[in-house]
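Here the structure comes first, spelled out in structure tokens, and everything after it is commentary.
The values are calculated or read from the model by the stated rules, or taken from the named source; none is laboratory data. Every value quoted in this text rests on a predicted model; they were computed, and no experiment measured them. FYI the Cβ positions are ideal-geometry reconstructions off the backbone, even for glycines, and counts take in every protein chain you see. These accessible areas exclude ligands, DNA and RNA; they are computed on the full protein's heavy atoms, side chains included. Shrake-Rupley method; radii C 1.70, N 1.55, O 1.52, S 1.80 Å.
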Amino acid sequence: MTALHTAATGLACVFVFISLAWVVQWRTQNAGIVDAVWSWSLGFLGLLYSFLGPAPLPQRALLGVMALLWGVRLGTHLFLRNHGKPEDRRYKKFRDGWGEQANRNMYFFFHFQTLFAMLLSAAFLVAAYNTRVVAPALLVLAVLIWQVSVLGEAIADRQMERFRADPANRGKVCRDGLWRWSRHPNYFFECLHWLAYLPLVVGSSWWPAALVSPLVMWFLLMKMSGIPILEQHMSASKPGYAEYMRTTSALIPWPPKQS
């Protein structure tokens, strides 16, 4: 199967997954499910491409395992965070603004995310179709980057969950653990994660296409739906957040400035 056919198969699968997520939001009037399904879908794409691609088996196996475990971890975290809770303020704002057209517009909004899922899966596709044997040292490098990024993101998520669970912290700014060094350590490690697949594309004539994945994730988090929207809300709702922004790195963990 050619890379184009494999990508088309992946697109069809993601289209079905996201459409099912839209049905769930239509019935529950809560669009938060798309965050989890999007992550699970990306993990599935990595696994699918690893089965269908012609790359040497060790490289494909590593690709499939890394992508699937990342997607399951992140998707499950997002699902548990949103399950049983009111709709995320981002989606509620859309729903309220769209009025009677909300469900129709949500359909197109959900599938706009399908586009980004396919762009992000570019690194998976290039790795799965890299027929050159990648040096063992590069495979080790891929695993190390993956371990650091997934573990770091999980630690950041856990630290924030613990902070939010304490009623005494209501209205306060989290500066615990990694959040003292970065305003968005989870986003930093998410961006880092997409670099883990680059060692698997070394030797491929299509390696520049794999750069799309980390660049798209950086754009999403830094310029589009991540930090700008979140920090606009946090600045308006949390006293002390402006000071936190002044003293703490936005993304890359770094010693904070003096207050």
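A few remarks follow.
- Among the residues making up segment 165-187, those that are surrounded by 13 or more Cβ atoms within 10 Å (Cβ to Cβ) and in a helix (DSSP H, G or I) are Asn169, Gly177, Leu178, Trp179, Arg180, Pro185, Asn186, Tyr187.
- Hey, Asn105 part of a helix (DSSP H, G or I), surrounded by 13 or more Cβ atoms within 10 Å (Cβ to Cβ), at pLDDT 95 or above and of a type outside the set (Gly, Ala, Ser) or not: yes
- From the list Leu195, Leu221, the lone residue that is of a type outside the set (Ser, Thr, Tyr) and modelled with pLDDT of 95 or more is Leu195.
- Among the residues of segment 125-133, at least one is open to solvent by less than 70 Å² (accessible area, probe 1.4 Å) and either out of contact with any Phe, Trp or Tyr (no Cβ under 9 Å at 6 or more places or on another chain) or outside any helix (DSSP H, G or I) (or both).
- Of all the listed residues (Ala21, Ala67, Ala8, Ala55), the sole one being in a helix (DSSP H, G or I), among the aliphatic types (A, V, I, L, M) and over 21 Å from the mean Cα position of the chain (by Cα) is Ala8.
- Residue check for Arg158: within 25 Å of Asn30 (Cα to Cα), touching an Asp or Glu at 6+ places or on another chain (Cβ under 8 Å), open to solvent by 30 Å² or more (accessible area, probe 1.4 Å) and at pLDDT 95 or above: no
- The residues of segment 70-86 that are basic (Lys, Arg) and not in a helix (DSSP H, G or I) amount to a single one, Lys85.
- Within segment 205-219, residues that are in contact (Cβ under 8 Å) with a residue 60 or more places away in the chain sit with their Cβ atoms under 8 Å from residues that are open to solvent by 50 Å² or more (accessible area, probe 1.4 Å) and part of a helix (DSSP H, G or I), at 6+ positions apart or across chains, in these pairs: Val212/Leu119; Ser213/Leu119; Val216/Leu119.
- Count of segment 188-211 residues, restricted to those that are open to solvent by 50 Å² or more (accessible area, probe 1.4 Å) and touching a helix residue (DSSP H, G or I) at 6+ places or on another chain (Cβ under 6 Å), is 4.
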